[in-house]
Structures are given as C-alpha cells and as structure tokens.
Amino acid sequence: MEKIYERKFFRFFCGFLSFSFLIIFWELSDNQGNNPVTQVLPPPSQFLPVLFESDFKIGLGSQSATIYQSITITLIRVLSGMSLAFVGSIIVGLLLSLSKWSELFFVPILSVIAPIAPIAWVPIALVIFGIGNLTAIFIVFMGVFFTLTIATIAEIKRVPTNYIFTAANLGGSKFKIWKSVIIPSILPGVFTLLRLNFIAAWMAVLAAEMTGLRDGLGTVVMTGRNLFNSNLILLGICIIGITGFAVDRILLFIQNKFFWWSTN
C-alpha cells in the first residue's frame, strides 16, 4: 500500500499549505507598523498590482515588453543553450569514448573547465558576441556542456557488459550496439543530470540578461533596481521562481515520459 506522504495529491496539498502560510505571514508582517523588512520586501498585495497598473508591461517607452514576452524570450534562451549542450555532450562524449587515448588527453581538460561558474563566462561572451541573444545562449551552453560531457563518458562506462555481449551474440554490429544498446542506456542518466543543472543554467541566463539586454526576466529585476522600485524587483523575483519551478516540472515530465526504460 502506498504511503500517504508519497501520494502526489498529498504532496501538492502540503506544498500549497506551506506557501499559503508563508504569504499570510508575509502579509500580516506588513500590518505591524513601520516594519523595515517589508519596506525592502513588500508583500504580494503591494507588488502584484504592478502588473495590472502597467498593463502587464515592464520597461520604459519603446523598450518596454510584456511580461509574457519576457518569460518567453528567457525560456527560449535557456532551452536553446541547454538543448545544444545536451546534443553536443552526447556526441562529444561518444567520440571520446571510442578511444582510450582521447579520453586520457581530453577528459582532464573537461574536468578543469567544468567547475567554472557560468557567470564567469559573461565577460568573454560579451567580447565575442556583444550584447544579444547569442551571449545568453553561449553562457548557458558553457555552464552545462562540460559537466554533461563528463557524465556521458561516465554513463558509457556504467553500461552493463552483459548487454553488449548479448547484442554481439545476436549478430549486432558495432554501430547497432552503439545505436540500440549504449545510447539508450546513457540517455536517461545524462538527461537527469541536465535537469539537475537546469537551476545553474537558469541563473546563468538571468545573469546574462542583467548585462544590458532589453528583454527577459533578468531585465525586469534590473529595471526595478534602476528605478529603485522594490515592488518591481519582488515581482520579477517571484516570476523567475515560479517560471523556473514550472520548467523543472516539465523536464521531470519529459524524463518520466520519454525515458521510461530508466530504472532510476
């Protein structure tokens, strides 16, 4: 019998209840006189109306963009970078695994570059691409690609040898073994790491948008900072959190739906 705390509805209810208590406490703290905390962190009843007052637009004059456009462009940037990193890491990881010498020479380089924070690539990206979409996509790519490549090589080594022997005994060529045994075996693990690295990629694209881009969720926060508008800053932060959570749930759905053969 499934334990009650493992049921999806119960987990959703507990999460909903905790957020409800947080919002209620946040709102009540604003009614306790001159609270310095709420002056910096205004409650939802103060910053949420900013959306309706501005007709869901953020920015000044011709540079203003709707909140829907900001969310969409940020998602395009981060998903483009992650998709390129995912496909590239699979290809490079497979190629390096074909030769022990390639692994010995190139994996140490990957291991040195992988720990570098995505934000550290911002100055280089600005020099190469200037201020634009390519900068944000490049930063996301660099923040995810090397880790995923190392993970791909590690996943290949963990493929059970009896799978390979069985495929070979059944007449499978080397190409078919890679195509039908090794690649399906490594995809779930690499995609899981991609989902776990989404948070780093999300923070990276937001940092890139704060360097001067005219649209995106990072720009919403920077606009609030430039205008000394705490309501706009909190609005941007909340939208960033909710959107990031939604994308993570979508990636989890994709993982369970399309990589169903994984035993994890």
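The values are calculated or read from the model by the stated rules, or taken from the named source; none is laboratory data. These numbers were taken from a predicted model, which means no experiment stands behind them. Here the Cβ positions follow ideal geometry from the backbone for every residue, glycine too, while neighbour counts run over all protein chains shown.
Key figures
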read-out: Filter result for SER173 (at pLDDT below 85 and hydroxyl-bearing (Ser, Thr, Tyr)); value: yes
read-out: Any hit, segment 227-240, residues being of a type in the set (Gly, Ala, Ser) and under 23 Å from the mean Cα position of the chain (by Cα); value: yes
read-out: Members of segment 130-142 that are surrounded by 16 or more Cβ atoms within 10 Å (Cβ to Cβ) and either of a type in the set (S, T, N, Q) or modelled with pLDDT under 85 (or both); value: ASN133, THR135
read-out: Helices (runs of 4 or more DSSP H) contained entirely in segment 141-232, each with at least 2 residues that are out of contact with any helix residue (DSSP H, G or I) (no Cβ under 9 Å at 6 or more places or on another chain); value: 161-169, 183-196
read-out: Which listed residue is out of contact with any His (no Cβ under 8 Å at 6 or more places or on another chain), at pLDDT 75 or above and more than 25 Å from VAL247 (Cα to Cα), from PHE13, PHE19, PHE25; value: PHE25
read-out: Filter result for ALA154 (buried (at least 23 other Cβ atoms within 10 Å of the Cβ) and modelled with pLDDT of 85 or more); value: no
read-out: Count - residues of segment 235-264 that are surrounded by fewer than 16 Cβ atoms within 10 Å (Cβ to Cβ) and not charged (D, E, K, R); value: 16
read-out: Subset of segment 108-119 that is in a helix (DSSP H, G or I) and at pLDDT 85 or above - its residue that is nearest to GLY143 (Cα to Cα); value: ILE113
read-out: Of all residues making up segment 136-166, the number that are over 16 Å from the mean Cα position of the chain (by Cα) and either farther than 21 Å from VAL107 by Cα or of a type in the set (Val, Ile, Thr) (or both); value: 13
read-out: Pair list, Cβ under 6 Å, 6 or more apart: segment 202-226 residue of a type in the set (D, E, K, R), other residue outside any helix (DSSP H, G or I); value: GLU209/GLY216; ASP215/ALA65
read-out: Helices (runs of 4 or more DSSP H) within segment 43-102 that include 3 or more residues exposed (fewer than 15 other Cβ atoms within 10 Å of the Cβ) and at pLDDT 75 or above; value: 67-97
